[in-house]
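A short write-up of the structure that comes next.
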Amino acid sequence: MIARRLGCSRVVAATGAGQHGVATAAACAKFSLECTVFMGTADKEKQFSNVLSMKLFVEGTFKDASTEAIRNWVGNLETTYYLSGTVVGPHPSPLMVREFQSVIGKETRGQANQLWGGKPDVLVACVGSGSNALGLFHEFVGDEDVRLVGIEAAGLGLDSGKHSATLAVGDVGVYHGSMSYLLQDDEGQILKPHSVGV
């Protein structure tokens, strides 16, 4: 709906596991918007059922690199809306994703209150690209008595160079206009994370 309000005729999005791509494709089909979903090759192979679901909704291309989504958007600003599904990218994308994902934390608070009349002692979330963790944690950031634990993939070990542990061993850097912890070499070039799951 934001894309239509801005006068855009197409939407680009990046997806990893595919859920954001399926949701974006379905929304674009509903509102008659052209849609391009960018998804990495390894993700496409692993999440083939989600790729098929996306193709049910839109005639579109499923590109090789999800990094291309922002590049494509920037090259087509007049007609294209970038629909972020994670907490990277220029403002206000991370803020919007946080607000949309905040239902996770709000529901958790409500269910905890309903089930045992209080708050959880500890919340644990996979870090990954950050949207689910932020959605859960944001509701509880001000609660000093609730411990927030983010879990990230250590792959073949933190000393192996084959992991995705950006918070444990990464350094602050800028990725898609967003300051974040990244795996980088000595010159500040971003290193590709490793996953045993893909």
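The values are calculated or read from the model by the stated rules, or taken from the named source; none is laboratory data. Remember, predicted model here, so these are calculated numbers, not experimental data. Neighbour counts run over all protein chains shown; Cβ positions are idealised from the backbone, glycine included.
Quick notes on this structure:
- When residue 75 is tested against the conditions (1) surrounded by fewer than 20 Cβ atoms within 10 Å (Cβ to Cβ); (2) at pLDDT below 90; (3) under 15 Å from residue 11 (Cα atoms), the lone failure is (2).
- Counted residues, region 27-37 - those being more than 11 Å from residue 83 (Cα to Cα) and part of a strand (DSSP E or B): 1
- Hits in region 1-26 (condition: assigned to a strand (DSSP E or B) and either buried (at least 20 other Cβ atoms within 10 Å of the Cβ) or at pLDDT below 90 (or both)): 11, 12, 13, 14, 15
- Taking region 14-38 as the range and being in contact with a Gly (Cβ under 6 Å, 6 or more places away or on another chain) and within 22 Å of residue 126 (Cα to Cα) as the test, the residues that pass are 15, 20.
Matching residues to (1) farther than 17 Å from residue 87 by Cα; (2) surrounded by 16 or more Cβ atoms within 10 Å (Cβ to Cβ):
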position: 99; (1), (2): no, no
position: 119; (1), (2): yes, no
position: 129; (1), (2): no, yes
position: 146; (1), (2): yes, yes
position: 150; (1), (2): no, yes
position: 159; (1), (2): yes, no
position: 176; (1), (2): no, yes
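- Selection within region 39-67 - modelled with pLDDT of 65 or more and not in a helix (DSSP H, G or I): 39, 40, 47, 58, 66, 67
- Entirely in region 82-198, the helices (runs of 4 or more DSSP H) that have 3 or more residues that are closer than 24 Å to residue 69 by Cα and outside the structural domain of residue 33 (by TED's automatic domain parsing): 93-101, 131-137
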